[in-house]
Amino acid sequence: MNALTLKALTIDVPGRRVVDGLDLTVPRGRVVALAGPSGSGKSLTARSVVGLNREGVRAGGAIMLGETDLLTLPERELRAVRGRRVGYAFQDAVASLNPTITIGRHLTETVRAHRAAADGRDALRRCGLDPDAVWHARPYELSGGQAQRAALALATVLGPDLLIADEVTTALDPVTQAEVLDAVRAQARDEDRAVLLITHDLAVAARWADEIAVITEGRVVEQGPPGTVLGEPRHPFTRALASAARLEPSAREPGERGETAVSLRGVRRVLGGRARTTVALDGVDLDVREGEAVAVVGRSGSGKSTLVGVLAALDRPQDGRVLAGGPDARARNARSLRGPDVRSLGGPDARSLRGSDVWALRGSDVWSLRDRDRRALRRRTGLVFQDALASFDPRHTVRQVIAEAGATAADVDALLTRVGLDPALAGRMPRTLSGGERQRVALARALASRPRVLLADEPTTGLDVIAQERVLALLDELRRDEGLAIVFVTHDLRVARRVADRVVVLAGGRVVDDLPAAALDSAALDSGAVSPETAALLASTPSLRLPTS
Amino acid sequence: MVLVLARRAAAAVVVVAALSALCFALLDAAPGDPAANILEARSGGRPPSASAVADLRRSMGLDDPLPVRYGRWVGGALHGDFGTSYKTGRPVSEVLADTVPWTLLLTCAAVLISVLGAVAVGLAAALTRRAWLRRGIETTLFVVGGMPGFVVALLLLWVFSAWLGWLPSGGVSEPDQPVTVGVLLPHLVLPALALAFGHHFGAYARLVETGVGRLRTAPHVDNARSRGLPGRVVVPRHLLRPGLVPFAARLGVGVGGLVAGAYATELIFSWPGIGRQAILAAQGQDYPVLTAIVLITGVIVVVANLLGDLAVAWLDPRVKLEPGHAH
């Protein structure tokens, strides 16, 4: 029996039709993935089922939950359906829980609102949490994985017929993602629940869904079992999506390797205050050469982001040394200054040196330098973050964002063109851009100070596969054409393989593996040539090669 | 938590001690001679002779060096003895006992009105779908917020006392009548309203409006709705409680301003609190009374700040009252 049937669903936002005649069925006991890029209408569709749409959003057609059309229900009856017959789990679990009350309170208020007799502790247990450990905790005290499990327990505490999981694992590392989605699927089978899995990641859909519905421009263009949809895609869009999702390291020419751009020696960084301390980095050695892309992968909390802070000379390690480039740099730097790279974009090159001869500083310990010299070195490092928008001043236009990093007006246009954006965007506010566009603006800003090292912390995590592929291709070009050293932090091994020559695996603040990217495949897993931590990441990373089971 | 509170209390004691020393020194440096003033007042305005002034100064201990006099004053203050009024000869502690409760009553009533009013108005503006209502509230707040406190007071007096005649214009009771609750309440209404609406009310309501309005589309509110919670749970627990944090943080500081505003309000409404007393004391160079009042005001402000911090910590448990973050 179908738990959910969408018939000719239309959704209008003011001035635009986003979903246009969407048909979809979700049978009980099965996981149906609604997969598509950002802006395809998948989240609006999901939100319409529970009537969560913002003011001005109109839905038409029919949303049948069993025999009831939810679109015709009055608000009062719809409220009885929400939570009780339809559970909804959100993308950012921590943000989707009220920070001022405990997990237990969330569960009991839900049960009480429906005058039901469900057991919140049992719901937590079924989602793989220890009720005693999390009942009195507040959302921000949980890890990302725990919070997402708690959110799932909250969505399913009343045993709903339908669970809508809206990008629930986008922010999780692959091991946690696998655990959470395994639990969702097992529950669907055990409790005969229909699950609508909203995702932009076809590999996730392929691994955990029984059926995939591909959505683009507000319509489902293809629906069927993963094997059929991905194995013999009929629609051109499905083919495009599948190829972007495959993340193939497409015939990359290795760029010219320069000398070492930055090195770490025995770096140890302890975070925390008097009460509690965490060893975020524990004796890390790392060398990154110019023209080389190094991916840093690991689970949440493995020290990846701390490593970025240390490499950027922003975060001072308690122990160990951060070395600025190799000792033999002087001879080479004369040549690289003439090279065809972002420096040719205009503006006096000497400006970025501003009194400090950064080349003379090479090979020295960053933290033994004068503040002024260290700042000069920082200008040779570009930084890109996961949430590009949050890294911009909300009142600045794109032009101001880039100009602030030291670019002239002519530079701004050239930089925007360099990252594949129309210079006409310079007058826009970043919040009006798409996620992929924002991330390129962030890249343009990072390039404005003519860096030799680019540090990118999960820059494509919030992007859909198509936008992600464009950003990754751009990074590839920058590395190859301009000899940038790139350190790319990600929790996604597929992205790491796609973007990097070398993959460094962090676990508990230590480097447990440092391998060529090509060596990271299932063969490595079988041969036992990698550490257990790397093996766990490999095993839980979904791939588009179909599961044999 | 207890430890944190103890630390904060200790910090408050230091603040009050510093305040008393500063106040003592400043009044000492002020021009004029209290002894001469007292003699002039006693003799009905005739300038006193230099020898009489010198005698009185000696007997009052005014010739001792400043630190000695301050030490003597602290010694007394610790036992509840703030000296005697230069003007009336009454013990200052008696003067305080007569005036402080009135000011506390007025200020507490004003804080209550301010908080309830700001939450009600801010919530209405944040949640309404009627654009005209939101705009109307914002315009009114803008106008009221731009008015000085004494203008609000005079406006209220004019409308409710002079024009409509609904409420008395000042004092705490009718002349020669005992103070009873039934008589006091109508007398309290106008000064309390004037104090509440004349001091930062617009800013408070806007803080509630933006704090709550920003959360209307927050994921945790969507989540609460997606679980079928009724509005009577969603609004107070998921919108109001986290949304009130900026307001509560501001309120603790704002109570200081409210106490300062009470001085003028008490004068306008003939309210027998410390504000009126302080102005009389300042005019008459009645330093013992003035010092004690400044000190009491400081204590009220410090306690209000502490209560504000506690309210923020209760509303949002993420805020830890760590010693390092104490203000």
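Exactly one of these conditions fails for A:VAL50: (1) closer than 20 Å to A:HIS235 by Cβ; (2) surrounded by 20 or more Cβ atoms within 10 Å (Cβ to Cβ). Give me its number.
(1)
If I go through region A:510-549 residue by residue, how many of them are surrounded by 19 or more Cβ atoms within 10 Å (Cβ to Cβ), at pLDDT 85 or above and farther than 24 Å from A:PRO226 by Cα?
Qualifying residue count for the region: 4.
Applying the selection to region A:365-395, what residues are surrounded by fewer than 16 Cβ atoms within 10 Å (Cβ to Cβ) and in contact with a Leu (Cβ under 7 Å, 6 or more places away or on another chain)?
Of everything in region A:365-395, just one residue is surrounded by fewer than 16 Cβ atoms within 10 Å (Cβ to Cβ) and in contact with a Leu (Cβ under 7 Å, 6 or more places away or on another chain), namely A:ASP365.
Restricting region A:156-171 to residues that are β-branched (Val, Ile, Thr) and either touching a Pro at 6+ places or on another chain (Cβ under 9 Å) or not in a loop (DSSP other than H, G, I, E, B) (or both), which is surrounded by the most Cβ atoms within 10 Å (Cβ to Cβ)? Working first, answer last.
Going through region A:156-171, the residues β-branched (Val, Ile, Thr) turn out to be A:156-157, A:164, A:168-170.
Keeping just the survivors that are either touching a Pro at 6+ places or on another chain (Cβ under 9 Å) or not in a loop (DSSP other than H, G, I, E, B) (or both) gives A:156, A:164.
On the way: A:THR156: 23, A:ILE164: 27.
If we take residues in region A:156-171 being β-branched (Val, Ile, Thr) and either touching a Pro at 6+ places or on another chain (Cβ under 9 Å) or not in a loop (DSSP other than H, G, I, E, B) (or both), then A:ILE164 is surrounded by the most Cβ atoms within 10 Å (Cβ to Cβ).
Before we move on, is A:ILE212 more than 23 Å from A:GLU458 (Cβ to Cβ), in contact with a Pro (Cβ under 7 Å, 6 or more places away or on another chain) and surrounded by 20 or more Cβ atoms within 10 Å (Cβ to Cβ)? Spell out how you get there, then give the answer.
On the way: more than 23 Å from A:GLU458 (Cβ to Cβ): yes; in contact with a Pro (Cβ under 7 Å, 6 or more places away or on another chain): yes; surrounded by 20 or more Cβ atoms within 10 Å (Cβ to Cβ): yes.
So A:ILE212 fits the description; yes.
Go through B:THR99, B:THR103, B:THR128, B:THR107 for me and flag whichever is farther than 29 Å from B:PRO186 by Cα and touching a helix residue (DSSP H, G or I) at 6+ places or on another chain (Cβ under 8 Å).
Residue meeting the stated conditions: B:THR128.
For region A:41-84, enumerate the residues that are charged (D, E, K, R) and at the interface with another protein chain (Cβ under 9 Å from one of its Cβ atoms).
A:ARG47, A:ARG54, A:GLU55, A:ARG79, A:ARG82, A:ARG84
Quickly run through region B:48-62 and pick out the residues that are outside any helix (DSSP H, G or I) and within 40 Å of the chain's Cα centre (by Cα).
The first filter runs over region B:48-62 and keeps only residues outside any helix (DSSP H, G or I), leaving B:48-49, B:61-62.
B:PRO48, B:GLY61, B:LEU62, listed by residue number.
Name the single residue that is nearest to B:VAL259 (Cα to Cα) among those in region B:149-175 being free of Cβ contacts under 8 Å to residues at least 24 places away in the same chain and of a type in the set (Phe, Trp, Tyr). Working first, answer last.
Let us first name the residues in region B:149-175 that are free of Cβ contacts under 8 Å to residues at least 24 places away in the same chain, namely B:155, B:158-159, B:162-168, B:173-175.
This time we only want the ones that are of a type in the set (Phe, Trp, Tyr), so: B:158, B:163, B:166.
Values: B:TRP158: 23, B:TRP163: 28, B:TRP166: 26 Å.
So the residue we want is B:TRP158.
For the subset of region A:132-143 comprising residues that are surrounded by fewer than 19 Cβ atoms within 10 Å (Cβ to Cβ), of a type outside the set (Asp, Glu) and in a helix (DSSP H, G or I), which member is farthest from the chain's Cα centre (by Cα)?
Step by step, filter region A:132-143, then rank; the result is A:ALA133.
Output the residue which, of all residues in region B:215-236 that are touching a Gly at 6+ places or on another chain (Cβ under 7 Å) and surrounded by fewer than 24 Cβ atoms within 10 Å (Cβ to Cβ), is farthest from A:LEU78 (Cα to Cα).
B:LEU215
How about region B:225-236: which of its residues are more than 7 Å from chain A (Cβ to nearest Cβ) and within 17 Å of A:ARG82 (Cβ to Cβ)?
B:GLY231, B:ARG232, B:VAL234, B:VAL235
Let's see how each residue does on (1) modelled with pLDDT of 90 or more; (2) under 16 Å from A:ASP387 (Cβ atoms); (3) part of a helix (DSSP H, G or I):
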| site | (1), (2), (3) |
| --- | --- |
| A:LEU425 | no, no, yes |
| A:ARG431 | no, yes, yes |
| A:LEU443 | yes, yes, yes |
| A:LEU455 | yes, yes, no |
| A:LEU463 | no, yes, no |
| A:ILE466 | no, no, yes |
| A:VAL471 | no, yes, yes |
| A:LEU474 | no, no, yes |
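List every residue pair whose Cβ atoms lie under 7 Å apart, where the two residues are 6 or more positions apart in sequence or sit on different chains, the first residue falls within region A:274-295 and is surrounded by 19 or more Cβ atoms within 10 Å (Cβ to Cβ), and the second residue, located anywhere, is of a type in the set (Asp, Glu).
A:ARG289/A:GLU259; A:GLU290/A:GLU259; A:GLY291/A:GLU256; A:GLU292/A:ASP501; A:ALA293/A:ASP501
What are the residues in region A:60-70 that are at pLDDT 90 or above and either under 31 Å from the mean Cα position of the chain (by Cα) or of a type in the set (Val, Ile, Thr) (or both), if any?
Hit for region A:60-70 is A:ILE63, nothing else.
Take B:ARG214 and decide whether it is assigned to a helix (DSSP H, G or I) and more than 14 Å from chain A (Cβ to nearest Cβ).
It is false that B:ARG214 is assigned to a helix (DSSP H, G or I) and more than 14 Å from chain A (Cβ to nearest Cβ).
Have a look at B:VAL259, B:VAL221 and point out the one that is in a helix (DSSP H, G or I) and more than 9 Å from chain A (Cβ to nearest Cβ). Break it down into steps so the answer makes sense when it comes.
Details: B:VAL221 fails: more than 9 Å from chain A (Cβ to nearest Cβ).
It is B:VAL259.
Here are some residues: B:LEU195, B:LEU239, B:LEU188. Which one is more than 10 Å from chain A (Cβ to nearest Cβ), buried (at least 23 other Cβ atoms within 10 Å of the Cβ), in contact (Cβ under 8 Å) with a residue 12 or more places away in the chain and out of contact with any strand residue (DSSP E or B) (no Cβ under 6 Å at 6 or more places or on another chain)?
Values: B:LEU239 fails: more than 10 Å from chain A (Cβ to nearest Cβ); B:LEU188 fails: buried (at least 23 other Cβ atoms within 10 Å of the Cβ).
It is B:LEU195.
Look at region B:137-180 and say how many of its residues are acidic (Asp, Glu) and at pLDDT 85 or above.
1
For region A:499-519, indicate whether the set of residues that are touching a residue at least 24 places away in the same chain (Cβ under 8 Å), in contact with a Leu (Cβ under 8 Å, 6 or more places away or on another chain) and assigned to a helix (DSSP H, G or I) is non-empty.
yes
Taking region A:117-143, which residues are over 22 Å from A:ARG28 (Cα atoms) and either within 14 Å of another protein chain (Cβ to nearest Cβ) or in contact with a His (Cβ under 6 Å, 6 or more places away or on another chain) (or both)?
Of everything in region A:117-143, those that are over 22 Å from A:ARG28 (Cα atoms) and either within 14 Å of another protein chain (Cβ to nearest Cβ) or in contact with a His (Cβ under 6 Å, 6 or more places away or on another chain) (or both) turn out to be A:GLY120, A:HIS136, A:ALA137, A:ARG138, A:PRO139, A:TYR140, A:GLU141, A:LEU142.
Take region B:226-257 and flag every residue that is modelled with pLDDT of 85 or more and either among the polar types (S, T, N, Q) or over 22 Å from B:ALA126 (Cα atoms) (or both).
Within region B:226-257, B:SER226, B:ARG227 qualify.
Tally the residues that are crowded, with 20+ Cβ neighbours inside 10 Å, in contact (Cβ under 8 Å) with a residue 40 or more places away in the chain and at the interface with chain B (Cβ under 7 Å from one of its Cβ atoms), restricting the search to region A:91-113.
4
Being surrounded by fewer than 16 Cβ atoms within 10 Å (Cβ to Cβ) and not in a helix (DSSP H, G or I) is the filter here, so list the residues in region B:63-83 that pass it.
We begin by selecting, within region B:63-83, every residue surrounded by fewer than 16 Cβ atoms within 10 Å (Cβ to Cβ); these are B:63-68, B:71-72, B:74-76, B:78-81.
B:ASP63, B:ASP64, B:PRO65, B:HIS79, B:GLY80, B:ASP81 - these are the residues of region B:63-83 that are surrounded by fewer than 16 Cβ atoms within 10 Å (Cβ to Cβ) and not in a helix (DSSP H, G or I).
Please go through (1) within 14 Å of chain B (Cβ to nearest Cβ); (2) buried (at least 19 other Cβ atoms within 10 Å of the Cβ); (3) in contact with a His (Cβ under 8 Å, 6 or more places away or on another chain) for A:GLY36 and return the number of the only condition it doesn't satisfy.
(1)
The values are calculated or read from the model by the stated rules, or taken from the named source; none is laboratory data. Remember, predicted model here, so these are calculated numbers, not experimental data. Reconstructed Cβ throughout: ideal geometry from the backbone, glycine too, with neighbour counts over all protein chains shown.
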